[in-house]
Amino acid sequence: MYATADMLLTSPAPAAPEQSHETAIEVVLVKAVLEGDRDGFTRLYDLYAPLVHGILLARVPRAEVDDLVQDIFLHAFKKLHTLRESSSFGPWIAMIARNRAVDFYRRSRETVEINDELRGSNTQDSRATEILELIRNLPEAYRETLVLRLVEGMTGPEIAARTGLTAASVRVNLHRGMKLLREQLGFMEGL
Amino acid sequence: MNDDYLWDKTGEPDPQVQELEEILGSLRYQPKPLQIPNELRLPQRRNYFPWVAIAAGVSLAILAGGIWLSTRSHGDAPQRQAEVTPPAPVKEVTPSAPKTPERKNESPEEVVAVHKHRPRASVPVLSKREREEALMAKEQVMLALRLTTEKLSLVHKKTQNTNPANQIKNQHRVG
C-alpha cells in the first residue's frame, strides 16, 4: 500500500532548483546584514519566519508562538556574527527555535495550561487544534516535519533545504508520521 | 498509493492529506513585520586574520633565525679548519739529528716550550669575538631546546591527565 522506508531511501527526490537559489540568496543576505544592512535581515525574517513558526507550533502553546518567533529573530540578529557559514542560516535558526522551545518549558513548566490555550474560537479552528494536538503527541522526529508540511504548506524538498536535514530523512519522517497520524485520526477506517 | 503528493505536492492528490492541509491551514504563519529596536546594533564579525598573520610571521622569523644560527655554527667548523695557519716553523729536534754535545746545553724549559707551541691541525683557532658569538649561539640553541623540552613535558602531562576514564578504558582493552 505504502512505499517502504527502504524504497524511499533508495529513491531520493531530485533537488529542487529553487533550493540552491534560496541558499545563494541567504548567503548574500547574511553577508549584507553583517555589513550593516538591516533590511537584509527583514528579508531573512520573511524567508524563514514560517519555518520558525512551524517548529514552535509543533512544541509550544499556540498563544506563545508569535512572540517567540519575534524573540528568536531578534536573538538571531544579535548573534548573527557567530554564524560560521552563511549558507547554514536555516539549520542555525531552526536550532535556536528548538532550543528556545525547550527553554520555554523549563521556565514556565508550572504556569502554562496548554489545553486551555489550544482551544479555538470556531469549529474549524477547534478541529485544527485537535489535530495539532494529535501531531504533537507523535514522536519528535515526525511532528516537526508534519507541521511544516501540513500547516506551513512547505514541500518535502523545501523542508530539507531549510532545516538542513537530508531529503531522505524528511521523506521517511513524512511517510511514517503521516501513517501514525492517519491511525490516530481513524482515517484507516474511513472516518 | 504512492506519497508523491505528500512529498512535493506532485502526482495524484491524496484527499486525506488535502483535507488535513485545509483544516490545519488556519494555523499557518500570518506575516507580521519584525520590529528591530533602533538601539539594537549588530556586533561585527571579528576578524582575527591580521593577528594570526602577524603571529605566524614572528614564529617563522624566530624559527628561521634558529635554523640559521644552528647551520652557521655547524658550517663554520670546516671553514675554520681550512683557515688554520700552517704550523709555524719551530725549533724542533729531529730524531735523525745527531746528538751533539751542544744539545746538552739546551735548557729543559726551551724544549717544553717547543712542544707546547705545536698547533693541532684539527682544532680551530677562534678569535675572542668568534668565541663569544659561538657561545651566544650555543646558549640560544640550549634555550630553544629547554623550551621545547618544557613544552613537550607539558603536553605529556596534559595528555595523561585529560580523561582518566578513557585511560582506564584503554588499559582495560589492552589488558
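The values are calculated or read from the model by the stated rules, or taken from the named source; none is laboratory data. In this text the structure is predicted, and so the values were computed from the model without any measurement. All Cβ positions, even for glycine, are placed from backbone atoms using ideal geometry, and neighbour counts span all protein chains on display.
If you go through segment A:51-64 and keep only what is surrounded by fewer than 22 Cβ atoms within 10 Å (Cβ to Cβ), of a type outside the set (Gly, Ala, Ser) and in a helix (DSSP H, G or I), you end up with A:ARG62, A:GLU64.
Within segment A:54-76, being at the interface with another protein chain (Cβ under 9 Å from one of its Cβ atoms) and over 20 Å from A:GLY164 (Cβ atoms) holds for A:ARG62, A:VAL65, A:ASP66, A:GLN70, A:LEU74. Would you please name the residue that is farthest from the other protein chains (Cβ to nearest Cβ), looking only at residues in segment A:29-43 that are within 23 Å of the chain's Cα centre (by Cα) and under 14 Å from A:LEU83 (Cα atoms)? Of everything passing the filter in segment A:29-43, A:LEU29 is farthest from the other protein chains (Cβ to nearest Cβ).
Here A:ILE93 meets each of (1) at pLDDT below 95; (2) within 14 Å of chain B (Cβ to nearest Cβ) with one exception, condition (1).
Which one is surrounded by the fewest Cβ atoms within 10 Å (Cβ to Cβ) among residues in segment B:1-29 that are within 8 Å of another protein chain (Cβ to nearest Cβ) and part of a loop (DSSP other than H, G, I, E, B)? Selected residue: B:MET1. Scanning segment A:120-179 for residues that are within 18 Å of A:VAL65 (Cα to Cα), outside any helix (DSSP H, G or I) and facing another protein chain (nearest Cβ under 7 Å) yields A:GLU152, A:GLY153.
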